[in-house]
């Protein structure tokens, strides 16, 4: 089963297994920034290309599919989960099908359910989410339109997406190193798997707050105080609502991707599972 789903891995192939859930838009290579720290701390970080799963697999069947693949890879061992941005939604939903197999969940710049509170006004992606919720046909057309700059002028897509960058992300988005890192990540789904991207957004905007109440896995939240893609109110909501032991580390002045960069070494330095 696992071989049917594309994936990348970083760190030590023989190390403790960690499953990374990439953002949306995003790609498996997003977690390459963990590679150095994973090697230093004997971790094997695996990220599956969720967009490559057939778009006919939706709703809970989608998360069950991911869980089955992870369980096959884990081969009876416990795993840690890391989610980034909207990938946190997939991580939380999938964890419900991994009962007893997950040691801890790390949620970075987490996007909380939109049906839980009035988060939209503080989100840079407000219009995209509103279209997905209320005008699905227009959202689908927009997604396919974004595929054009992604294929022909990926730098234009990068500039479009980071035009609203806030906090330290504004500075980060101007550095050549980050531009080289992020541009292919952001264009990945539009180049190859637009249908997978559309499914992910549609499932995110569909009410799912009830799933939060079912999470019984120790969870740690990492969030930038200046995040305008996933406002800090989302982290506060998750901290207050997840019934399992949950902690929140607020990173002052950081935003979406700067929080990811800052959290990566700290997560990898967490005590290894027994």
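Only the coordinates and a few stated rules stand behind these numbers; no lab work does. Values in this document were obtained by computation on a predicted structure and should not be read as measured data. Note: ideal-geometry Cβ built from the backbone for every residue, glycine included; neighbour counts use all protein chains shown.
Tabulated data for the structure shown
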quantity: Label point distance in nm, residue 202-residue 137, each placed 7 Å from Cα along Cα→Cβ; calculated: 1.4 nm
quantity: Three-way shape label, the stretch 171-217, alpha-carbon gyration tensor, a/c 1.5; calculated: oblate
quantity: Peptide ranges 102-112, 244-254 listed from the most packed, as the mean C-beta count within 10 angstrom indicates; calculated: 102-112, 244-254
quantity: Calculated [θ] (222 nm, deg cm²/dmol) that DSSP helices of n ≥ 4 give over the chain, each run adding -39,500 (n - 2.57); calculated: -13500 deg cm²/dmol
quantity: Residue-span extension gain [residue 177 to residue 99] - 0.36 nm each, minus C-alpha spacing; calculated: 24.2 nm
quantity: Net lengthening on full extension, residue 163/residue 252 (0.36 nm per residue, minus Cα-Cα); calculated: 29.9 nm
quantity: Approximate shape of the stretch 2-268 as ellipsoid semi-axes (Cα gyration tensor, √5λ), whole Å, largest first; calculated: 25, 21, 20
quantity: Fluctuation leader among 28, 231, 243 - the chain, Gaussian network, Cα springs under 10 angstrom; calculated: 243
quantity: The chain - share of DSSP beta bridges that are antiparallel (%, nearest 5); calculated: 15 percent
quantity: Candidates 68, 121, 49: whichever shows maximal mean-square fluctuation once the chain is modelled as a Gaussian network with Cα springs under 10 Å; calculated: 121
quantity: Residue order, fewest to most surrounding Cβ atoms within 10 angstrom, among 51, 84; calculated: 51, 84
quantity: Relative contact order of the stretch 2-268, pairs being alpha-carbon contacts under 8 Å that are 6 or more residues apart, as %; calculated: 23 percent
quantity: Cβ-based exposure ranking for 159, 239, 4, in which fewest neighbours within 10 Å come first; calculated: 4, 159, 239
quantity: Residue among 153, 185, 66 with the largest mean-square fluctuation in a Gaussian network model of the chain, springs linking Cα atoms under 10 Å; calculated: 153
